[in-house]
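What follows is a single structure, written as structure tokens, with notes after it.
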Amino acid sequence: MIYKILIVEDDLTIASLVNENLKKWGFASDYVRDFNQVMAEFTKMQPHLVLLDISLPFFNGFYWCSEIRKLSKVPIIFLSSHTENLDIVMAMNMGGDDYITKPFSMDVVIVKLQAILRRTYTYYMENQNLEAGGMILNISDTTLTFENTNIELTKNEYKIIKLLMERKNTVVSREDIMTYLWDSDSFIDDNTLTVNINRLRKKLEEHGIRDIIQTKKGMGYLLHDERVF
């Protein structure tokens with residue numbers, strides 16, 4: 001798995017140099033050039049880690065850190081010339097995972113970056129994402145994306161899509177789904193599952209994902225690993 005790194009750095013010369021070094025280490029990295037589009041770039045890239053400066057045009061790094069945290073638990077490393085303890089404490093309190101002061105050594109950046117990636121994405125990244133029909137379900141932060149758009153899911157909707165994606169192209173019985181959702185299939189009204197499935201289908205259809213969950217009468221449900229237009 002190639003890790004994606006997004007660099008949000010005020011000095012574009014530094015951003016470019018960091019970007020080049022990260023690519024030499026095998027990362028898929030890029031940096032923000034339009035600081036009005038930080039969240040758009042984040043949503044488009046869906047990075048595994050963000051390198052974030054504090055002093056930025058328009059809004060500072062603390063602001064963007066809080067905005068990212070509304071959507072994701074992705075690791076954030078602050079890169080800043082601010083050396084005051086108050087800034088470091090604030091960065092950590094806002095959701096940062098580490099703090100590197102400028103001027104910095106790229107060796108230090110790489111070592112810290114690798115350490116955080118190891119801690120965050122244990123074992124294999126393949127096990128952290130499920131893919132089917134153009135959808136990507138990130139197990140680590142429970143987000144479902146389609147064509148770079150996040151689809152908000154309830155707890156039950158997430159569990160249903162996760163189970164169906166894990167067993168894509170295979171019929172999953174209603175009993176299995178109900179047991180997975182409620183740890184029992186004995187005391188749950190059968191219509192409750194139907195309601196949950198229909199709500200999930202409607203939500204997917206609103207994002208252009210049609211007929212991907214099929215009902216197999218008397219058997220259960222099947223999720224196809226292909227897009228249906």
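The values are calculated or read from the model by the stated rules, or taken from the named source; none is laboratory data. What you are looking at is a predicted structure, and each value in this text was computed from that prediction instead of being measured. Every residue, glycine as well, gets a Cβ built from its backbone with ideal geometry; the counts of neighbours run over all protein chains shown.
Odds and ends about this structure:
- Counted residues, the range 72-111 - those being touching an Asp or Glu at 6+ places or on another chain (Cβ under 7 Å) and modelled with pLDDT under 90: 3
- Figure legend. Inter-residue proximity from the range 102-114: first residues in the same structural domain as K24 (by TED's automatic domain parsing), second residues among the charged types (D, E, K, R) and surrounded by 13 or more Cβ atoms within 10 Å (Cβ to Cβ), beta-carbon distance below 7 Å, spacing 6+ or different chains. Indicated pairs: K112/D98.
- Residues satisfying the stated conditions in the range 44-59, i.e. surrounded by 16 or more Cβ atoms within 10 Å (Cβ to Cβ) and either of a type in the set (S, T, N, Q) or more than 15 Å from the chain's Cα centre (by Cα) (or both): Q46, L51, L52, D53, I54, L56
- Residue satisfying all of: in the range 112-154; in a loop (DSSP other than H, G, I, E, B) and among the aromatic types (F, W, Y); modelled with the lowest pLDDT among these: Y124
- E157, sole failed condition from (1) outside the structural domain of T215 (by TED's automatic domain parsing); (2) in contact with a helix residue (DSSP H, G or I) (Cβ under 7 Å, 6 or more places away or on another chain): (1)
- Among the conditions (1) at pLDDT 90 or above; (2) of a type outside the set (K, R); (3) surrounded by 13 or more Cβ atoms within 10 Å (Cβ to Cβ); (4) at negative phi, V195 misses just one, which is (3).
- Pair list, Cβ under 8 Å, 6 or more apart: the range 133-153 residue under 19 Å from I213 (Cα atoms), other residue outside any strand (DSSP E or B) and of a type in the set (G, A, S): T143/S72; F146/G134; F146/G208; E147/G134; E147/G208
- Residue satisfying condition, being in contact with a strand residue (DSSP E or B) (Cβ under 8 Å, 6 or more places away or on another chain) and among the charged types (D, E, K, R), within set D53, D34: D53
- Subset of the range 1-40 (residues that are buried (at least 18 other Cβ atoms within 10 Å of the Cβ) and assigned to a helix (DSSP H, G or I)): A15, V18, N19, L22, V38
- You will find that of S140, S66, the residue that is under 19 Å from the mean Cα position of the chain (by Cα), polar (S, T, N, Q) and loosely packed, with under 14 Cβ neighbours inside 10 Å is S66 and no other.
- L79 satisfies every condition listed in (1) assigned to a helix (DSSP H, G or I); (2) crowded, with 18+ Cβ neighbours inside 10 Å except (1).
- Here M90 passes the criteria (1) assigned to a strand (DSSP E or B); (2) over 30 Å from L153 (Cα atoms) except the one numbered (1).
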